[in-house]
Amino acid sequence: MRRCAGCGCWEYGGAPGCDRCAALVDRIVEDGWREFLRERFGPDGPSPEDEPVIAEMIADEPDRHGWRVVDAALDRIVCRECRGPLSRGPRGCPPCDLADGFRYSAVEIDRPRVPPGNEHAIRVGVSVVRAGHRQSPRALLSWRLCLPALLDGFLPSTPQAQALRARINAGATYADLADLADLAIMGR
């Protein structure tokens, strides 16, 4: 794990407030999209005009695609209600709420040499920090703290996650917990 030159948090953990960390998190999804397009359409990929059509097809069948591809597809679809990226609008926007729920039917495959469940945790963490305005401040804080370690291949045990949550519920801040996140909370 490295510190972000922009905000001083662990890289990725400054999202959504730090533009650099937010871009790193977005790149996780965007890299999956670009890889999917190269695999399916060759090195030149589809035309830019075709990408929205492809995104709609993927959003209609999220259970047939990897979660990064589904999340990237949703980014390319404009919500008919709030006019933002589908699934990332304000909580209470019916189409965004529905799409946010359906995203979890997408495929997730753990990377080699990581604990089972690590990919699911990354997926949830990415979803939470990319739409922090849809989350409680406590949930956002816990995922900001955990995402950098998850991306390094760690997965906290249930007691470790509960201990982190208890400290957050007791009022701990990012500054209070960031130095502990890679040691005590993540079991290093």
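No value in this document is a laboratory result; all are computed from the given coordinates. Predicted model only: the values in this text are computed from it and were never measured. Glycine also receives a Cβ, built like all others from the backbone with ideal geometry; neighbour counts cover every protein chain displayed.
Helix 51-60 and the long axis of the chain differ in direction by around 70°, with both axes built from C-alpha atoms.
Residues whose amide H falls under 5 Å from that of CYS82, counting only those 5 or more places apart or on a different chain, are absent, with hydrogens built in the peptide plane. Simple point charges give the picture: +1 on the Cβ of Lys and Arg, -1 on the Cβ of Asp and Glu, and for region 63-142 a dipole about the Cα centre of about 200 debye. For region 1-83, the alpha carbon positions stretch 39, 35, 24 Å along the principal axes, listed from largest to smallest.
When only alpha carbons are used to place a centre, region 110-163 and region 38-59 end up 29 Å from one another.
A Förster distance of 22 Å, applied to the separation of the beta-carbon atoms of ARG27 and ARG113, puts the FRET efficiency at 0.55.
Against the chain, whose longest principal axis comes from its Cα atoms, helix 137-151 is set at around 80 degrees.
Given the DSSP H assignment, sum -39500 (n - 2.57) over each helix run of at least 4 residues in the chain and divide by its residue total; what's the result at 222 nm in deg cm²/dmol, nearest 500?
Numbers: 8 runs with 98 residues, N = 188.
My calculation for the chain gives -16500 deg cm²/dmol from helical runs alone.
Over the C-alpha atoms of the chain, the Rg to Rh ratio, Rh being the Kirkwood estimate, stands at 0.98. Across region 58-106, Cα-Cα pairs more than 12 Å apart make up 53 percent of the total.
Take the Kirkwood radius over Cα pairs of region 67-164, plug it into Stokes-Einstein at 20 °C and 1.002 mPa s, and you get 151 µm²/s for translational diffusion.
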